[in-house]
Amino acid sequence: MRSMGNAATTSDEFVRHTTESLTDGSFVRLVLSRSVDPADAPEKVIGRLVELKAGPYLSLTFRYPTRDTTKNVPLDQAAIWAKEQIGVRFRSALLNTTKRDWQLFVEDSGAAKLVAHKPANAEAPSRAHDRPRQAILDDSARDWLRGLGVLNDRGNVRPTMADKHAQINRYLEIFTHLAKDCGWLERGSGCPTITDMGCGKGYLTFGLWHLFARVWKRPVKVIGIEVREELVASANALARQIGAEGLEFAAGTIENAQLPTVDALIALHACNTATDDAIRRGVEAGAHLIIVAPCCHKEVRPQLGRPAPLAAVLEHGIMTERMAEWATDGLRTLFLEWAGYRTKMIEFVSTEHTPKNLMIAAVRDGKPFVSTAARARVEQFKEFFGIHHHALDEWLRHGLADH
Ligand SMILES: C[S@@+](CC[C@H](N)C(=O)[O-])C[C@H]1O[C@@H](n2cnc3c(N)ncnc32)[C@H](O)[C@@H]1O
């Protein structure tokens, strides 16, 4: 069944189905998406019905790229909240009930469509409120954090390692969101293989293993690749000492290390074009998820042109430096999009801890190297900035022929 109409009346009908299902017990879930103002809006809002001490509430999770926030709306105010949001702030809405599922689409033109489907859920979920979430770096992380020198013998964060501790925690929070996006938190999702290229001492590699094995209690294979053999040996010794099943370190380079089939490829703070090598290896391996946090940027700066409106500003060295970083990382995301990935650029750690704080996360979304529009965006960007050579160019040109 479907009905067409203007946004206001069709949205009102959707809101009516929502409030009815909240009161007659058939409500399963509400999902709002396609914000009218995507700049600072959540990607999704997910509503669940929960029973709190004070009564029933519509519990809302606002899903941003790297964090969730929550808000509980008393059931008697849910209709007002829904009317303010549905079709007004969000153009798509999905309501699952045990009787029927409803989908609302509002077009830019203001036309709206409401479609009814057979219910995907025969039973309403538990109304119990979730227990508080486990802290990521909890007591079960003490052995490896102490082994890596982040904690002292008394189990406290060493003052000189406070930034590192914050960085590991933030990284694992971000990874949690990306893992959800990749479906790795769903039951029966198997045992992903993750390589961490240029892993150094392995702070973030141990962290990733900890997240799967000890926080989520899920199987995982994490391989740290590092060129310095003494770091590989000490990381392997610590992994064995704490009985970290599924975690291993191997000597090798980002450019050439032999890789198994990987689900995720990560390279954090790899210098200059080593980040591009990591992107290339990830695309080549068909990794579902690629994460890089670039370090220094040397390739683009000497090539950077001075397009007229920017020329006077680029007289200042620091602005050229920043523009070169901006252009390098921007180009990396455009390449990744052409290679079939959906990209996100995220502030990794706050600038008060380090200026190298940008992270590019790419989730495979489609076929590589087929979108001529995506390729054109790469070319236009290079032309604008006067970039005639980029580390990913050559390989991606061959990639186009090979795929
Ligand atoms: C800045 S550290 C980053 C370590 C870790 N990824 C982190 O973010 O905490 C860079 C590490 O990459 C290693 N490295 C540099 N070039 C490499 C390459 N081409 N292949 C593999 N490892 C490399 C260095 O030895 C060093 O341990």
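The values are calculated or read from the model by the stated rules, or taken from the named source; none is laboratory data. Computed from a prediction, not measured in an experiment: that's the story for all the values here. With ideal geometry, Cβ positions are generated from the backbone for all residues, glycine too; neighbour counts draw on all protein chains shown. SASA here: full protein model, heavy atoms, side chains in, ligands and nucleic acids out. Shrake-Rupley method; radii C 1.70, N 1.55, O 1.52, S 1.80 Å.
Assorted remarks:
- GLY305 being touching a residue at least 60 places away in the same chain (Cβ under 8 Å), within 17 Å of CYS182 (Cα to Cα), away from the ligand (no atom under 16 Å from the Cβ) and not basic (Lys, Arg): no
- Filter result (at positive phi and charged (D, E, K, R)) within segment 209-249: LYS217
- Of residues in segment 18-32 being hydroxyl-bearing (Ser, Thr, Tyr) and open to solvent by 30 Å² or more (accessible area, probe 1.4 Å), the one farthest from the chain's Cα centre (by Cα): THR23
- The residues listed here are ASP101, ASP68, ASP143; of these, the one that is in the same structural domain as ALA244 (by TED's automatic domain parsing) and surrounded by 13 or more Cβ atoms within 10 Å (Cβ to Cβ) is ASP143.
- Complete set of residues in segment 357-387 that are hydroxyl-bearing (Ser, Thr, Tyr) and within 29 Å of LYS180 (Cα to Cα): SER371
- Taken over segment 62-106, residues that are among the hydroxyl-bearing types (Ser, Thr, Tyr) and modelled with pLDDT under 90 amount to 4.
- The set of residues in segment 189-212 that are open to solvent by 20 Å² or more (accessible area, probe 1.4 Å), out of contact with any strand residue (DSSP E or B) (no Cβ under 8 Å at 6 or more places or on another chain) and of a type in the set (Gly, Ala, Ser) comprises SER189, GLY190.
- The test for being modelled with pLDDT of 90 or more and either of a type outside the set (Ser, Thr, Tyr) or surrounded by 18 or more Cβ atoms within 10 Å (Cβ to Cβ) (or both) does not hold for HIS129.
- Just one of the listed residues (GLU226, GLU186, GLU173) is in contact with a Phe, Trp or Tyr (Cβ under 7 Å, 6 or more places away or on another chain) and either among the acidic types (Asp, Glu) or exposed (fewer than 14 other Cβ atoms within 10 Å of the Cβ) (or both), namely GLU226.
- Looking only at segment 273-295, and only at residues there that are β-branched (Val, Ile, Thr) and within 16 Å of the ligand (Cβ to nearest atom), the one that is nearest to PRO192 (Cα to Cα): ILE290
- Residue match in segment 153-160 (condition: closer than 25 Å to GLU226 by Cα and either open to solvent by less than 50 Å² (accessible area, probe 1.4 Å) or hydrophobic (A, V, I, L, M, F, W, C) (or both)): no
- Segment 270-309, residues that are open to solvent by less than 70 Å² (accessible area, probe 1.4 Å), of a type outside the set (Asp, Glu) and at pLDDT below 90: ALA270, ASN272, THR273, PRO294, CYS295, CYS296, HIS297, VAL300, GLN303, LEU304, GLY305, PRO307
- Applying the criterion of being assigned to a loop (DSSP other than H, G, I, E, B), open to solvent by 10 Å² or more (accessible area, probe 1.4 Å) and touching a strand residue (DSSP E or B) at 6+ places or on another chain (Cβ under 7 Å) to the residues of segment 258-269, the residue that is nearest to the ligand (Cβ to nearest atom) is HIS269.
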